[in-house]
Amino acid sequence: MRTGEPGMTDARGMGGAASYRLVGDAAAPLPASTRVAIVVSRWNDQVTKRLLDAAVWRLHAAGLTHEAIDVAWVPGSFELPLAADRLAATGDYAAVLCFGAIIRGETEHDRHIAQAVARGIEETARVRGLPVLFGVLTCETLAQAFARAAGTAADGFAGNKGVECAGAALDMIALCQLLSRSPATAR
C-alpha cells in the first residue's frame, strides 16, 4: 500500500519524529450485504439487554437493517465463545459481538469465568479471521455494570459499552475488508 491512495494517509506526530502510514477508513460505508451476529448472555440480562439495545442502535445508525443483525441468547457468559465460534464458522457474518456481565461474588469464580471467556473470544477471532468483539463487563458490583450499560437513544447511549463495542465492530469490519483485498488492489 502506498501513501496517498484510498485508505492510506501519511501521518507525522511528535514534531515529525514518528512517521507511519494509516491503514483503513473507519468512516467507509458498509457493503449492502454486511451482516452482524450478536451473542448475549441471559445471566444478568437486566444489564446485557441494555448493552444489546445500544449495539443494535449503533448498527442501525451505520445503515444495517433489522434483517442484517442476528441475535443469539446463551445461558451465561461462559457459553459466549462457543456460540460466537459457531456463528463465525458459518461465514455469514462480517463480525460477531459478545455481550455478558460478570459480577464479582464472594469467591474467585468470576475471575475464572472472565479469563475463560476472554481467551475463548480471542481464540475464535484469531482462528476464524473475523472480528469477534469482547463486550463482556467484568465489574465489582451490579451498580458498576449498570453504569457501563447506561444511556438511551436520546443521548446516543452515552457511556454504554454496547454502543462502543458496536462502533469497534464497524471499524474492524472496514479494516478487515480493506486488508482482504488482493495485494494489487490494496497497493
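The values are calculated or read from the model by the stated rules, or taken from the named source; none is laboratory data. All figures in this text were calculated on a predicted structure; none of them were measured in a lab. Note that each Cβ is placed from the backbone with ideal geometry, even for glycine, and that neighbours are counted across all protein chains shown.
Structure summary
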| quantity | calculated |
| --- | --- |
| Pairs, first assigned to a loop (DSSP other than H, G, I, E, B) in segment 32-46, second surrounded by 22 or more Cβ atoms within 10 Å (Cβ to Cβ), C-beta under 6 Å, six or more apart | Thr34/Ala94; Arg35/Tyr93; Asn44/Ala101 |
| Answer residue from segment 93-110, given it is surrounded by fewer than 13 Cβ atoms within 10 Å (Cβ to Cβ) and not hydroxyl-bearing (Ser, Thr, Tyr) and is nearest to Asp53 (Cα to Cα) among those | Gly105 |
| Test: residue in segment 120-131 that is closer than 18 Å to Leu59 by Cβ, touching a residue at least 60 places away in the same chain (Cβ under 8 Å) and within 18 Å of the chain's Cα centre (by Cα) | no |
| Any hit, segment 62-82, residues being farther than 22 Å from Arg128 by Cα, of a type in the set (Val, Ile, Thr), over 14 Å from the mean Cα position of the chain (by Cα) and in a loop (DSSP other than H, G, I, E, B) | yes |
| Number of positions in segment 74-92 that are under 17 Å from Met172 (Cβ atoms) and surrounded by fewer than 16 Cβ atoms within 10 Å (Cβ to Cβ) | 2 |
| Filtered residues of segment 116-162 (kept if assigned to a strand (DSSP E or B) and not polar (S, T, N, Q)) | Val132, Leu133, Phe134, Gly135, Val136, Leu137, Cys139 |
| Matching residues, segment 26-36, being more than 14 Å from Ala168 (Cα to Cα) and surrounded by 15 or more Cβ atoms within 10 Å (Cβ to Cβ) | Thr34, Arg35 |
| Verdict on Ala101 being in a helix (DSSP H, G or I) and modelled with pLDDT of 95 or more | no |
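For (1) modelled with pLDDT under 95; (2) in contact with a strand residue (DSSP E or B) (Cβ under 8 Å, 6 or more places away or on another chain), each residue gets a yes or a no:
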site	(1), (2)
Ala84	no, yes
Glu108	yes, no
Arg119	no, no
Ala145	no, yes
Ala149	no, yes
Ala186	yes, no
